[in-house]
Amino acid sequence: MGQDGRIITNKKGVEIKSKPSAVYPINPPSQAGAPDNTRLMFLHDPHLLENIRYRFLQNDIYTYTAHILIVLNPYKYFPELYSNEMLLKYRGRPIGTLPPHVFAIADRAYRSM
């Protein structure tokens, strides 16, 4: 095809012509759904978005990127995510010891005051 483009095959088996600068190496399958994006081997935009999408499809609406919490609005209510039991579970725990959650960020902010 030449130096200005490549033909790649996507997950659905469709061949796509692409510039080499737009093709990224993939993360190993074992990293799919990583709770923290910084754990991914490759940190390009497509990988971060794919990890967040993967987690969202598993009803994991929270994902960390270090101490930043990324949240995708599912437009549905998860009552178990905001119970008193969940609040107590995250109280006093460092970020990263439990799955990503807004209570972990709130607890860290409160303890840092």
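The values are calculated or read from the model by the stated rules, or taken from the named source; none is laboratory data. Here the structure is a predicted model, which means the values were calculated and not measured. As a convention, Cβ positions derive from the backbone with ideal geometry for all residues, glycine included, and neighbour counts pool all protein chains shown. What goes into the accessible areas is simple: the full protein's heavy atoms, side chains included, and nothing from ligands, DNA or RNA. Shrake-Rupley method; radii C 1.70, N 1.55, O 1.52, S 1.80 Å.
Taken together, the residues in segment 55-76 that are within 27 Å of I26 (Cβ to Cβ) and either part of a loop (DSSP other than H, G, I, E, B) or open to solvent by 90 Å² or more (accessible area, probe 1.4 Å) (or both) amount to 10.
Before we move on, is L40 among the aliphatic types (A, V, I, L, M), modelled with pLDDT under 95 and touching a strand residue (DSSP E or B) at 6+ places or on another chain (Cβ under 9 Å)? It is false that L40 is among the aliphatic types (A, V, I, L, M), modelled with pLDDT under 95 and touching a strand residue (DSSP E or B) at 6+ places or on another chain (Cβ under 9 Å). When restricted to residues that are open to solvent by less than 70 Å² (accessible area, probe 1.4 Å) and either among the polar types (S, T, N, Q) or part of a loop (DSSP other than H, G, I, E, B) (or both), segment 77-96 contains 5. For segment 33-51, the set of residues classified as under 14 Å from Y64 (Cα atoms) and hydrophobic (A, V, I, L, M, F, W, C) consists of A34, L40, L43, L48, L49, listed by residue number. Considering only residues that are open to solvent by 60 Å² or more (accessible area, probe 1.4 Å) and part of a loop (DSSP other than H, G, I, E, B), look in segment 11-24 and name the one that is modelled with the lowest pLDDT. Restricting to residues being open to solvent by 60 Å² or more (accessible area, probe 1.4 Å) and part of a loop (DSSP other than H, G, I, E, B), the top hit is K11.
Among the residues of segment 14-49, those that are among the charged types (D, E, K, R) and either touching a Lys or Arg at 6+ places or on another chain (Cβ under 7 Å) or in contact (Cβ under 8 Å) with a residue 12 or more places away in the chain (or both) comprise K17, K19, D36.
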